[in-house]
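The structure appears right after this line, and notes come after that.
The values are calculated or read from the model by the stated rules, or taken from the named source; none is laboratory data. Computed from a predicted structure; not experimentally measured. Backbone-built Cβ (ideal geometry, glycine too); neighbour counts: all protein chains shown. For accessibility, only protein heavy atoms count, side chains too; no ligands or nucleic acids. Shrake-Rupley method; radii C 1.70, N 1.55, O 1.52, S 1.80 Å.
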Protein chains: 2
Amino acid sequence: MPAGGHPVARNASFARLTPQHVEHFRKLLGHEVNSVTYATDPDDMNLLPYNVDWIKKYRGQSQLVLKPSTTAQVSQVLAYCHAENLAVVPQGGNTGLVGGSVPVFDEIVLSTGRLNAIRHFDDVSGIVVAEAGVVLESLDNYVGERGFMCPLDLGAKGSCHIGGNVATNAGGLRVLRYGSLHGSVLGLEVVLADGTVVDMLRTLRKDNTGYDLKQLFIGSEGSLGVITAVSLLTPPRLPSTQVGIFAVSTFEDVQRLFIAARRHVGEILSAFEFWDRTSQQLVETQLPTAGTPHLFDAPFYVLLETQGSDADMDREKLERFIERAMDEQKPLVENGAIAQDQTQARAFWETRENISDAATTAGACYKYDISMPVPVLYDLVNDAKAHLKQKGLYDSAQPDQDPVRFITGYGHLGDGNLHLNVVARDFTPEVTQAIEPWVYEWTQRHQGSVSAEHGVGFMKPKYVSYSKDEHSIRIMHGIKAMLDPKGIMNPYKVLQ
Amino acid sequence: MPAGGHPVARNASFARLTPQHVEHFRKLLGHEVNSVTYATDPDDMNLLPYNVDWIKKYRGQSQLVLKPSTTAQVSQVLAYCHAENLAVVPQGGNTGLVGGSVPVFDEIVLSTGRLNAIRHFDDVSGIVVAEAGVVLESLDNYVGERGFMCPLDLGAKGSCHIGGNVATNAGGLRVLRYGSLHGSVLGLEVVLADGTVVDMLRTLRKDNTGYDLKQLFIGSEGSLGVITAVSLLTPPRLPSTQVGIFAVSTFEDVQRLFIAARRHVGEILSAFEFWDRTSQQLVETQLPTAGTPHLFDAPFYVLLETQGSDADMDREKLERFIERAMDEQKPLVENGAIAQDQTQARAFWETRENISDAATTAGACYKYDISMPVPVLYDLVNDAKAHLKQKGLYDSAQPDQDPVRFITGYGHLGDGNLHLNVVARDFTPEVTQAIEPWVYEWTQRHQGSVSAEHGVGFMKPKYVSYSKDEHSIRIMHGIKAMLDPKGIMNPYKVLQ
């Protein structure tokens, strides 16, 4: 059984890689430098970065990494793999969190690293056509120089690829303002398992000619084909960004503040993040050098960001909104600060962005990425505390001996997306069994999703049924069988 | 051959309706008033509104209209139709423009008219769950009373159903600001051809657990199943709306104005519509009682609308933007006016909204709904003029005898969506053959879509291949065969 995922056996219908296969790929791609990396030992240092995911939880045994530089090459590679029954794992920046982009056994790694041209940019509409391997930050810089911005922003932007972002339907920090990739992606070029190139690479905001097939590939995690190019709608880059952090007494007030913010600064609101006192304390104690501002003690914190065209107006609007929120008979905001410059704005964001690392540093951290209706969002944290206390694992009479040390919640409130972190002293079966499947059952009862934005990958196929009904899962299998009849695309992932 | 569409023969594998069938449906639904409408004569006045589309171009011969009031009833109806090989056409408000919602032959009409409950509303996130038959305007009023608005707005809102809107992926006036339904629709409940109820009715902004199947049904025009309920993300209703009309010299300047508007009033911009001089003249001459403001003569007109939280700031921002656009060395705007009150704003919008009717009134009007990259958008109008002139049909030495009188273009510039109207004296084969497939071939050459927002329906199945590659069409057929193996759902439509 491979580490870090559900137990599976290698699918015996897949061929084992032979020297003849390698020879064939060398003929196809080998005239270009770094296009074929082969070693008999999967632990070879040249293969290792492709066999291990970045949180080092998953590790495959591939002997071969291919880096085609054109869609035609991707097509030739897959047509051959299909004919030869060779399994393939597509890989972008390898920054996923669920083991979706590394091999489970000996699958060939098909990296998008050399598919990195920007094919087209329309400076009227802001529509860009980029190949799958363009790094998100490079893409953002490219459109940024032309007055636009990527609608997508996430921590890994310096290394993740736009193709991988689309394949995993990455969410991130500004879904609230710019929506999901299901709205921003206007077209895709995809190579199917048998090498067929499907050209859905339109640059149109509206197109109602038949079923919107590209949507199937957004979030399919490479299991239906390889995305080779993306047409993306990018919004104009507006010059004014304002950031504030606010102390709030209750989760109900966090929600009321969100409603009020959408009313009074709605057109410029670009992020509404929240975290609890435990998250703040973890950042202050675990990552004290990070320059985290300790502004005030509070049960909840909200980071609110605006983006607009006029700095003076935006700031006036935000200040007036916060004044009003503090002046209410029952104030929505107890305390707060608006960043005075970009350095302070950066420090505010750092606090929010460091929570995940602070929790990881504090112990053995169980991380869950849940979405649910906003009103019940924080109930999961409270219920998890009560549940683990009742199991005798947390908040006992002798807290210094509790197996679970911290339970904390934070996330993208505007998206109904909670990151629940349970920090134990060690990863133990006792703790694991107390949390899982309890957390998934809780999510199902509250009509939530067991993977809001991280995807299914190798980690969660057995949990999909907590968020999808049996008929949906049956249809998914039907689509997979239709597009990839031999099942060679990213096997053991997404669907069980 | 039925009127108004491509020639097809009735599919002989479908059963003919028998008294036993009708009896069965009466047992299923007949205890509720108006749930079963049956007549042996399809021209019976009770059936006629369901057999004829609203532009009266398409006319079917159904003898039976069913109006289930629950999802369970829809399931029972379809399970029976599936077992008995009875073909079905789902119908919402019957406001479509491509014959998608009326029978072609004797298909049973399954109306969503009694599926009209609003099931749930979350006033933190603005997510509403409505049954398919809720009229768009009613839905907008419902969420409006709670401080939100439908992200979708179109002329037919007083009669179209939200289920039909989703089934046709309706676009309309505010896609520019609020995006397409592929982003706003968070969940669907769908009944498949065999009666299976697929529950994808989540109220989550983020959910990455497997393939996003609901997307297939958005824009499938009832050919894959019946949408019975919709979960929709609605944005906050902001209190300030400003509208202006501006005279612009060239289409290049229209584009420059659009770019500038996104930079300087981007966060409040909610519509950017344009039309040409011919459109304006048609409105002024054909619908002179409509209170159309004749403000100025110009080659192009732009209607710009903003929506925001602060009327004073919005107005100042808009006025400053327009002043700047007029003060440039080469002014982007020749002349213009910002509405002083809601009555004037309404009159401005009326001009834009009356163009379609004015063109229809002026003669035999060929209407095309094309999307393409913005820079080439208006080239289609110029090229159509040159093409029809070269054919001797337009702008000849004896213009009062030309078969084609007006060629005009208008539409949603921000969406790259052009409505091309060719007004002839009469519908003649000579004119038809001169325009089609020329207009579709032109669209294909420019990477456009032959149906931006109206859909395929019965009118355009043979033109889908101008906008979709052969592999996409093959996959569409595969999905249709998987979900509706007997092909009973809305036959003769969407796919050929």
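Remarks
- C-alpha center-to-center spacing [the stretch A:328-371, the stretch A:21-53] in angstrom: 42
- Complex-versus-alone comparison for the stretch A:260-287, residues with a loss of 50 Å² or more in accessible area, probe 1.4 Å: A:Arg262, A:Arg263, A:Glu267
- Relative contact order [Cα under 8 Å, 6+ residues apart], the stretch B:27-88, whole percent: 33
- Once the Cβ-Cβ distance of B:Arg10 and A:Ala39 is raised to the sixth power relative to R0 = 51 Å, the FRET efficiency obtained is 0.20.
- Buried between B and A is an accessible area of approximately 7700 Å², summed over both sides with a 1.4 Å probe.
- In the complete set of protein chains, residue-level accessible area for B:Ile108 is approximately 10 Å², probe 1.4 angstrom.
- Mean partner shielding of peptide A:217-224, defined as the number of other chain Cβ atoms within 10 Å of each residue Cβ, is 3.
- Applying a DSSP loop filter and a limit of 15 other Cβ atoms within 10 Å to the trypsin sites (Lys or Arg not before Pro) in the stretch A:45-106 leaves A:Lys56.
- Relative contact order of the stretch B:240-358, defined on C-alpha pairs under 8 angstrom at six or more residues apart (%): 46
- Order by protection proxy (mean Cβ within 10 Å, highest first), peptides B:11-21, B:96-106: B:96-106, B:11-21
- Antiparallel bridges, percent of DSSP beta bridges restricted to the protein assembly as shown (to nearest 5): 90
- Whole-number D in µm² s⁻¹ for the stretch B:363-445, Kirkwood Cα-pair radius fed into Stokes-Einstein, 20 °C, 1.002 mPa s: 166
- Carbon plus sulfur fraction of accessible area for the stretch B:118-233, probe 1.4 Å, in percent: 44
- Other-copy label distances relative to A:Asn34, 7 angstrom Cα-Cβ extension, nm: 6.8
- Aspartates and glutamates with Cα under 15 Å of A:Lys460, excluding same-chain neighbours fewer than 8 positions away: A:Glu221, A:Asp369, A:Glu436, A:Glu441, B:Asp207
- Shielding score for B:464-473, defined as the mean number of other chain Cβ atoms within 10 Å: 5
- By accessible area, using a 1.4 Å probe on protein heavy atoms only, the stretch A:375-476 has 47% of its surface on carbon and sulfur.
- Of B:Phe406, A:His120, B:Phe458, farthest towards positive along the dipole that unit charges on Lys, Arg, Asp, Glu beta carbons give the protein assembly as shown: B:Phe458
- Average partner coverage of A:310-321, which counts Cβ from other chains inside 10 Å: 2
- Per-copy distances of the B:Arg10 label point, shortest first, in nm (7 angstrom along Cα→Cβ): 6.1
- Accessible solvent surface per residue of chain A, calculated while the other protein chains remain in place, 1.4 angstrom probe, Å²: 36
- The stretch A:240-356, accessible surface, carbon-and-sulfur percent (1.4 angstrom probe): 47
- Computed over the protein assembly as shown, the Cα gyration tensor eigenvalues convert (square root of 5λ each) into semi-axes of 45, 35, 30 Å, ordered from largest to smallest.
- Across the copies of the chain, B:Tyr80 has label points (7 Å from Cα along Cα→Cβ) spaced 5.9 nm apart, shortest distance listed first.
- Nearest-10 value in Å² for the accessible area of B:Met149, using the 1.4 Å probe: 20
- Shape analysis of the stretch A:240-356 based on the Cα gyration tensor places the equivalent ellipsoid semi-axes at 22, 18, 11 Å, largest first.
- Computed with a 1.4 Å probe over protein heavy atoms only, the accessible area of A:Glu441 comes to about 80 Å².
- Shielded residues, the stretch B:175-216 - accessible-area loss of 50 Å² or more between chain alone and all protein chains, probe 1.4 Å: B:His182, B:Arg202, B:Leu204, B:Arg205, B:Lys206, B:Asn208, B:Thr209, B:Gly210, B:Tyr211, B:Asp212, B:Leu213, B:Leu216
- Alpha carbon centroid spacing (whole Å) that separates the stretch B:152-204 from the stretch B:373-450: 31
- Chain A: DSSP helices with Cα axial extent of at least 27 Å and average Kyte-Doolittle hydropathy no lower than 1.6: none
- Counting all C-alpha pairs of the stretch A:1-151, share separated by more than 26 Å (%): 33
- Taken about its Cα centre, chain A carries a charge dipole of roughly 1040 debye when the Cβ of each Lys and Arg holds +1 and the Cβ of each Asp and Glu holds -1.
- Percentage relative contact order, chain B, counting C-alpha pairs under 8 Å, at least six apart: 15
- Along its principal axes, the stretch A:118-233 has C-alpha extents of 37, 29, 26 angstrom, given from the largest down.
- Put a dot 7 Å past the Cα of A:Glu350, heading toward its Cβ, do the same for B:Glu323, and the two dots end up 4.1 nm apart.
- Test item: Cα-centred dipole of the protein assembly as shown, Lys/Arg +1 and Asp/Glu -1 on Cβ, debye: 2000
- For the stretch A:254-271 versus the stretch B:269-283, the gap between their alpha-carbon centres in whole angstrom: 34
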